Amino acid sequence: MIYLQLFLEFFKIGLFTFGGGFAMIPLVEETVLLHTWLTESQFYNFIGVCESTPGPIAINMATYVGAVQGGILGSILATLGVVLPSFLIILLVASVMKSLTNTRAFRGFIRGVQPVIAALILSTGLLLLAKAVGYVSLTAFAFDPVSVVIFALLVGIYFLLLKVWKKLSAIQLILLSAALGIAVSLLFEVCGYGG
């Protein structure tokens, strides 16, 4: 039963999400928490892991959740579920692309979907930032000074380096974040803060 459920839930996520992996995060979160496949804390920690590992975030998430819930077969089915809708839609679009893109309905569809995609990505980013610094719920906040210091240092270093190099790649940013996370966490630990 879990195998069919993993496939269908991730197929649904893949089918109804436009805008890529970041736009999928709210749907994955809703599904994973609804089925209690991960806790909220595990989910937000895992987003960081997904972003730090190679591959699209949606596929990484589906593979991980599938593996946790159903082993290797679960990871294969969840990954297949999230990828299959895009694959089928691209095949369909490619077969009728020239005639489709010139229609008023298609242009209207794209205009209607773009703001939603932007809003989903922006809300996900803001929620991840809030969770990183201690947001728990509308009535609870567990301030995390380690995360705040890491974030402030990262922003400061990013803009300082941006003035020098004019560009900082995503890989460099991830490596810099990891190094800052280790250094600041160790510093807080040495200074006696248990955060």
Quick calc: nm separation of the 7 Å Cα→Cβ label points for residue 129 and residue 91 -> 4.1 nm
Gaussian network model of the chain, Cα within-10 Å springs - most flexible of 57, 90, 121: 90
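Contour minus end-to-end for residue 118 and residue 161, with contour as 0.36 nm per residue of separation and end-to-end as the Cα-Cα distance?
That works out to 12.8 nm of additional length.
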Considering every pair of different Cα atoms, what Kirkwood radius, in Å, is found for the stretch 52-139? 16.2 Å
For residue 138 and residue 107, what does the FRET efficiency come to when R0 = 35 Å and r is the distance between their Cβ atoms, rounded to the nearest 0.05? 0.35
With a cut-off of 8 Å between alpha carbons and a minimum separation of six or more residues, what is the relative contact order of the stretch 39-125 in percent? 14 percent
Sort out for me the Cα centre separation of the stretch 1-37 from the stretch 117-180, rounded to whole Å. 25 Å
Using only the alpha carbons, work out the radius of gyration and Dmax of the chain in angstrom. 19.7, 66
List every DSSP H helix in the chain whose Cα atoms extend 24 Å or more along the helix's own long axis and whose mean Kyte-Doolittle hydropathy is at least 0.0. 57-101, 104-133, 145-165, 170-190
Taking springs between alpha-carbon atoms closer than 10 angstrom, which of 65, 146, 164 fluctuates most in the Gaussian network model of the chain? 164
Computed magnitude of the charge dipole of the chain (debye, nearest 20; Cβ of K, R +1, Cβ of D, E -1): 960 debye
Average accessible area per residue (Å²) across the chain - probe 1.4 Å, nucleic acids and ligands excluded: 63 Å²
Partner aspartates and glutamates whose C-alpha sits under 17 Å from that of residue 167, ignoring same-chain residues fewer than 8 away, are none
Using a 7 Å offset from Cα along Cα-Cβ at residue 3, what residues in the stretch 70-95 end up with backbone N under 17 Å from the label point? 70-82
Tally up the carbon and sulfur contribution to the accessible surface of the stretch 70-131 as a whole percent, 1.4 Å probe, everything protein left in place. 78 percent
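The values are calculated or read from the model by the stated rules, or taken from the named source; none is laboratory data. Nothing here was measured: the structure is a model prediction, and the numbers come from that model. So basically every Cβ, Gly included, is an ideal-geometry build from the backbone, and we count neighbours across all protein chains shown. Heads up: the accessible areas ignore ligands, DNA and RNA and are worked out on the full protein's heavy atoms, side chains in. Shrake-Rupley method; radii C 1.70, N 1.55, O 1.52, S 1.80 Å.
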